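Colleague: Quick one: this structure, given as structure tokens, is what I'll be asking you about.
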Amino acid sequence: MPGPLVRKPCARLATTLALLAASAFPALAAPAHAIAMHGEPKLEAGFDHLPFVDPAAPKGGTMRYGVYGTFDNLNPIIVRGATTTARGIWFDPEFGSLVFEPLMWRSPDEPFTLYGLLAESVETDAERRFVEFTLNPKARFSDGTPVTVEDVLFTTEMMKQVGVVRPQYTDWLSRVATIEKVGERGIRFTFNEKADRELPLLLAGLPVLPEHAFDRATFAQTTLKPVIGSGPYRIESLDPGRRITYRRNPDYWAKDLPVKRGLDNYESIVIDYYRNPDAQFEAFQKGLFYVYADGSPQHWRTAYDFPAVRDGRVVKEEFETGRPAGTYGFFFNTRRPIFHDRRVRQALGLLYDFEWANKNLYFGAYSRIAGYFANSELSSVGRPADAREKALLAPFPDAVSPEVLDGRWTPPVSDASGADRRLLKEAVDQLKAAGFTFVDGRLVDPNGQPFGFEILAQNADQQRIALGYQRTLGRIGIAVSIRLVDDAQYQLRKQRFDYDVLISPFNATLSPGAEQRGRWGSGSAKVNGSFNYAGAANPAVDAMIDAMTSARTREDFVSAVRAYDRVLISEAYVVPLFYVGKQWLARWTFVHHPDRTPLVGYYLPSFWREPEN
């Protein structure tokens, strides 16, 4: 009889302890083939190939690309020369990762999902307090050396060098408490209190560099010595600043992985650099390279009357994209005192005459950018803030303008005359409210200094945009100069924030997250080489980024992004320009692509060329 009486309380105690343990330590997920920011990956484990590729695409031939600019470095992660790293080395938005590879590969057909590559599996918990990757035992660098946990440890160690590597890497790793080897092929990142739910995916996208091929003492220096990676191509030759040639590695370890079938189809890839866009397009006409991405409506409509188009050897195509419009505009450098006052920035934003420019320069082909996520569900424009947004913004009552909060705000619309008196008057009234006055026809700031600034332009198209803005600003006594510089000087000045106003784009994504800290976060405002061109250092911006990266449901995420959009719009850091809702690509007809286009638009690594005779 006493036996059951003893066992029953023990059973209850065991059950209680189990429940407490379960609540304190959520169950670990099993190792998975993929990880998504929200929801589940689209492709289940065991998929055969990606849905937007042709797994039977022929292999072989040479692809030639042509790009504008130059390069002076082959190390993809260091700050010095970071904006002039040779194209294709690592995470190239157009050409892919030819030499270095990430632990997991990001799908262009989903908002933010990664599938196994160097890491065959990933594991995390419900709270995402850690992430553990298990390396694929087949993974090899191009010299035949296995990819090991020690290589991942070496890479992360190098990435912790503040001021040496790109700021986003040091920022991500600053949120990691420990990095540990687990068994022979596992590596576990345990996070600290600064981490968010996006961090496992960011770490999954890190490149892996071979420890045996880099010298720690000289790692921070630029190099033009061909580097060794695990990717599908090896560097065959280079002409510094002018050309880099890649040749496919016949022993590429991942060629039969599901994420790689139908990709990396060329025997060799040549990337030629051109010092100006006119020379670049002329080379395309002559067949010196084979695909040309065009972003100019005027150019797209008028520049293709050449023999190869007329006789059908070159075709023009439009591709649909589900990506938001992104950001393209005049960035005010708020590190400059003249742009400290938000009212001044808002007034200047009234004076870009989009309607005139679109009508007279661009054949009416553009739409005006409204906000930072235009053309997507993430945009706040035209939508009143919901209850979740208002709760996020409540601690920052002055962060969002009333008309932005209730969805009434839209970019100014002019009469297309180039001198809309209504908008000129509205801008002048705002500037007067900010303490500006007129002296002999010149606008004078509250300190009695003539108001003016310089716009930094990278090419003739940007210069043309700036000239229209300069003309309108001049009508109210603002002296604007335009400085057109070569690519190298432009990149250097951009890295050092040595400009008043910069014309620049930001690509957009359906899953904005930690990269926004590098663009708009306070922590990046004073870090040379960061993408915080405006010098934004705003607690409300930081808080909205935190909300985005910690959101667990799609609904919470969308509300956080819209609240973020409202803050950026209200701060008027940028005078938004324009966008085209489609992608334009011209190609020589011996270059082919799959019938299906992924979510983000055409994907060049899935293209191939017909067999050469």
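Readers should treat all values here as calculations from the given coordinates under stated rules, not as data from a laboratory. The structure presented is a predicted model; accordingly, all values stated were derived computationally and were not measured. We place every Cβ from the backbone using ideal geometry, glycine too, and count neighbours over all the protein chains shown.
Colleague: Which order do the peptides 273-285, 300-312, 521-533 take when ranked by the mean count of other beta-carbon atoms within 10 Å per residue, highest first?
Modeller: 521-533, 273-285, 300-312
Colleague: Further question: Show me the trypsin sites (Lys or Arg not before Pro) within the range 437-506 that DSSP assigns to loop and that have at most 10 other Cβ atoms within 10 Å of their Cβ.
Modeller: Passing sites in the range 437-506 are Arg496.
Colleague: Can you compute 3J(HN,Hα) from phi for each residue in the range 158-170, using the Karplus curve 6.51 cos²θ - 1.76 cosθ + 1.60 with θ = phi - 60°, rounded to whole Hz and x for Gly and Pro?
Modeller: 5, 6, 7, 7, 4, x, 9, 9, 4, x, 5, 5, 5
Colleague: For Phe100, Phe91, which order do you get if you count the other beta carbons within 10 Å of each Cβ and list the fewest first?
Modeller: Neighbour counts put them in this order, fewest first: Phe91, Phe100.
Colleague: Place +1 on the Cβ of every Lys and Arg and -1 on the Cβ of every Asp and Glu in the chain, take the dipole about the Cα centre, and give the residue among Thr549, Phe219, Phe306 whose Cα lies farthest towards its positive end.
Modeller: The one lying farthest along the dipole's positive direction is Thr549.
Colleague: From the list [x] -0.96, -1.37; [y] -0.96, -1.13; [z] -0.79, -1.20, can you say which value of log10 I(q)/I(0) by the Debye sum over Cα atoms at q = 0.10, 0.12 Å⁻¹ was derived from the structure given?
Modeller: [x]
Colleague: Enumerate the lysines that Lys194 could reach by cross-link, defined here as Cα to Cα under 21 Å, with residues fewer than 8 away along the same chain left out.
Modeller: Leaving aside lysines fewer than 8 places away in the same chain, those within reach of Lys194 are Lys160, Lys526.
Colleague: Just the number, please: Stokes-Einstein D of the range 327-579 in µm²/s, Kirkwood Rh from C-alpha pairs, 25 °C, 0.890 mPa s.
Modeller: After rounding, the answer is 131 µm²/s.
Colleague: Can I ask one more? In sequence order, what are the phi-derived ³J(HN,Hα) couplings for the range 551-563 according to the Karplus relation 6.51 cos²θ - 1.76 cosθ + 1.60 with θ = phi - 60°, rounded to whole Hz, with x for glycine and proline?
Modeller: 5, 9, 10, 4, 5, 5, 5, 4, 5, 5, 5, 5, 4
Colleague: Hey, can you rank 421-431, 107-117, 602-612 by average C-beta count inside 10 Å, highest first?
Modeller: 107-117, 602-612, 421-431
Colleague: Residue by residue through the range 245-254, what is 3J(HN,Hα) from phi via Karplus (6.51 cos²θ - 1.76 cosθ + 1.60, θ = phi - 60°)? Round to whole Hz and write x for glycine and proline.
Modeller: Along the range 245-254, the couplings run 10, 10, 10, 5, 7, x, 9, 3, 5, 9 Hz.
Colleague: If I model a spin label at Val413 and Gln161 as a point 7 Å from the Cα along the Cα→Cβ vector, what separation in nanometres do I get?
Modeller: Result for the modelled spin labels: 5.5 nm.
Colleague: Choose one of Gln285, Pro258, Ile271: the residue whose Cα lies farthest towards the positive end of the charge dipole of the range 234-290 (beta-carbon charges +1 Lys, Arg; -1 Asp, Glu; about the Cα centre).
Modeller: My answer, from the dipole projection, is Pro258.
Colleague: Ordered by packing density, taken as the mean number of other Cβ atoms within 10 Å over each peptide's residues, highest first, how do 315-327, 150-162 rank?
Modeller: 150-162, 315-327
Colleague: In whole Å, what is the distance between the alpha-carbon centres of the range 386-415 and the range 568-613?
Modeller: Computed from Cα coordinates, the inter-centre distance equals 32 Å.
Colleague: Also: How large is the charge dipole for the range 327-579, taken about the Cα centre, if only the Cβ atoms of Lys, Arg (+1) and Asp, Glu (-1) carry charge, to the nearest 20 debye?
Modeller: Details: 30 positive and 28 negative charges, 46 e Å.
Rounded to the nearest 20 debye, it is 220 debye.
Colleague: Would you calculate the separation in nanometres between label points at Val309 and Ala488, each defined as 7 Å from the Cα along the Cα-to-beta-carbon direction?
Modeller: Using points 7 Å along Cα→Cβ, the separation is 3.3 nm.
Colleague: Also: Can you give me the C-alpha center-to-center distance between the range 99-141 and the range 281-295, rounded to a whole angstrom?
Modeller: If you average the Cα positions of each part, the centres end up 35 Å apart.
Colleague: Under 20 Å from the Cα of Lys359, which aspartates and glutamates turn up, not counting those fewer than eight places away in the same chain?
Modeller: Asp294, Asp415, Asp420, Asp461
Colleague: What are the residues whose amide H is under 5 Å from the amide H of Ser121, where those residues sit 5 or more places off or on another chain and H is modelled from the backbone?
Modeller: Distant-sequence amide H within range of Ser121: Thr134.
Colleague: Let me ask something additional. Given points 7 Å out from each Cα along the Cα-Cβ axis, report the Asp398 to Lys316 separation in nanometres with one decimal.
Modeller: Each label point is offset 7 Å from its Cα along the Cβ direction, giving 5.1 nm.
Colleague: Treating the beta-carbon of each Lys and Arg as +1 and of each Asp and Glu as -1, no other charges, what is the dipole magnitude of the chain about its Cα centre, to the nearest 20 debye?
Modeller: That gives the chain a dipole magnitude of about 680 debye.
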